[in-house]
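Please treat every number below as a calculation from the coordinates, not as lab data. Computed from a predicted structure; not experimentally measured. Note that each Cβ is placed from the backbone with ideal geometry, even for glycine, and that neighbours are counted across all protein chains shown.
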Amino acid sequence: MELPFAESYKIKMVEPIRKSTREERERWIKKANYNLFNLRSNQVFIDLLTDSGTGAMSDRQWASMMLGDESYAGASSYYNLKQAIKNITGFDYFLPTHQGRAAENVLFSALVSEGNVVPGNTHFDTTKGHIEFRKASAIDCTIEEAFDTTVDHPFKGNIDLNKLESVYLKYTNEQIPMVIVTVTCNSSGGQPVSMENLKDVYDLSKKYGIRVIFDSARFAENAYFIKTREQGYAHHTIKDIVAEMFSYADGMTMSSKKDAIVNMGGFIALKEEEVFKQAAQYNIIYEGFITYGGMSGRDMNALAQGLDEGTEFDYLESRIKQVAYLGQKLKEYGVPVQEPFGGHAIFVDAKRFLPHIPVEQYVAQTLAIELYKEAGVRGVEIGTLLADRDPATRENRYPKLELLRLAIPRRTYTNNHMDVVAAALKNVYDRRNDIKTGYKIINEAPILRHFTVELEPYVKESMGV
Ligand SMILES: *Cc1c(COP(=O)(O)O)cnc(C)c1O
């Protein structure tokens, strides 16, 4: 008999979690103004809000923390991390930051100014926020297949080269400080970018003299998909694939809370010394001296170890198979999910799940609230709330997709937890026609509103008539 798949690690420490009653959850979510970010973690049974900083560190990572060097300047932990980044990415220059958006803030302070355009495959929300905050604009050049959840395409994160070239032709080089390739593409569903596309984007950009920066939070998961889906890579190690990927970039920003499996941290790594020097100034102002930049020595050590573990095939296989396990269960139950399954999360297609709820009533958020009430499972809306208002017109932007993202923390939950999530969504699906209306906004911030937005149930004007 063929042996079934099992994780490449065992559990050494546990953290108790608590179930709640539906009555409790209804009270809590109302008090949270129907924003799942406002819930306390002990009001959540299975937390799939994000896979960012929520993973379980290994015994080796914890051990490396004890060797952390907390010297203000020139700490051994800094050199340890510098070497790990060089080994994995090939980049000579690096700046530590406290997380990924801090890396964006520092790098964009050096490179992006008013009136600039930054093309890319669907930019991550903080990336877009940092671009728009500087009165520049992000231009989405993702392939069209990415916007249809029913189309099967192995690399839905790919950039459409025609769209990209039209940006290069329309604007001057001075207006385009860089193209940002997000690997894997978070906002379009954790979808990977093929090696071929990375190379083509690089070649095209070099032809036009444009800098290529990778938003690299999930670069290792991207490498796993190249290995398992792209011809010619089946026998390459993840580390070799990663090295080739980064050979098609001039630099990167990193949220280490993702594929480097630490709870906090980020960095910038660069090929060009000149950009490094400019960014270093901002690093000192915003983050800290260049040899710690918002991170303690122990955290830099855990990150160096995490970069090594996160680029091992066995670990990646355990992770990505767990995500696919949940996706497969949901598919069997008839729940509309995005395919192929992404690396870090399953995305439920809320427009197909609740077709009778108008997008103006925040359909993906409505589904997220229903799932929480059903079983204390916390997902997150990737839809109109996240898409925010157009900075010029202040009108709501309605994205093509309304998704409920179920992000799986690394090495944290078992497949029994995945079974609960799938059953809960099935129950909501079975009673979907009883969900008659969505929500409306009663309060929102001018930028990145989804974190703090306050909602109340939408009530039809004609109700009670
Ligand atoms: C998480 C993430 C960021 C931002 O990183 P933080 O560590 O949350 O600040 C940027 N880009 C992508 C693709 C991400 O997934």
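Computed across segment 1-123, the Kirkwood hydrodynamic radius from all distinct Cα-Cα pairs reaches 20.0 Å.
All Cα-Cα distances of segment 275-380, cut into 5 Å bins from zero to the largest, leave 2, 10, 12, 14, 12, 9, 10, 13, 11, 6, 1 percent in each bin in turn.
Coupling constants for segment 62-74 follow from the phi torsions by the Karplus curve (6.51 cos²θ - 1.76 cosθ + 1.60, θ = phi - 60°), and in residue order they are 4, 5, 5, 4, 5, 9, x, 10, 8, 4, 4, 10, x Hz; glycine and proline get x. Applying Stokes-Einstein at 20 °C and 1.002 mPa s to the Kirkwood radius of segment 275-326, computed over alpha-carbon pairs, gives a translational diffusion coefficient of 159 µm² s⁻¹.
Separation of segment 120-192 from segment 78-112 is 21 Å, based on Cα centroids. Measuring max minus min along each principal axis, the C-alpha atoms of the chain give extents of 68, 55, 46 Å (largest first). Given R0 = 45 Å, the distance between the Cβ atoms of residue 152 and residue 285 translates into a calculated FRET efficiency of 0.45. FRET efficiency for the residue 165 to residue 274 pair, using the beta carbon distance and R₀ = 35 Å, is estimated at 0.85. What nm value, rounded to one decimal, do you get for the distance between residue 8 and residue 430 when each label is placed 7 Å out toward the C-beta? Rounded to a tenth, the inter-label distance reads 3.8 nm. Label separation (residue 312 vs residue 73): 3.8 nm, computed from points 7 Å beyond Cα along the C-beta direction. Between the listed residues 297, 284, 242, the Cα displaced farthest toward the positive end of the dipole of segment 231-299, a dipole computed from Cβ unit charges relative to the Cα centre, is found at 297.
Restriction of the GluC sites (Glu not before Pro) in segment 84-182 to DSSP coil positions whose beta-carbon has at most 13 other beta-carbons within 10 angstrom yields 114.
In the frame of its principal axes, segment 59-309 has Cα extents of 49, 43, 28 Å, reported largest first. Here each label is just a point 7 Å from Cα along the line to Cβ, and for residue 19 and residue 419 those points are 1.3 nm apart.
Segment 337-380 to segment 266-310: how many Å between their Cα centroids? Centre-to-centre (Cα) distance: 36 Å. Note on residue 66/residue 92: beta-carbon distance plugged into 1/(1 + (r/R0)^6) with R0 of 41 Å gives a FRET efficiency of 0.90. Sorted fewest first by neighbouring Cβ atoms within 10 angstrom, 236, 123 come out as 236, 123. Equivalent-ellipsoid semi-axes for segment 69-147 (Cα gyration tensor, √(5λ), whole Å, largest first): 31, 16, 10.
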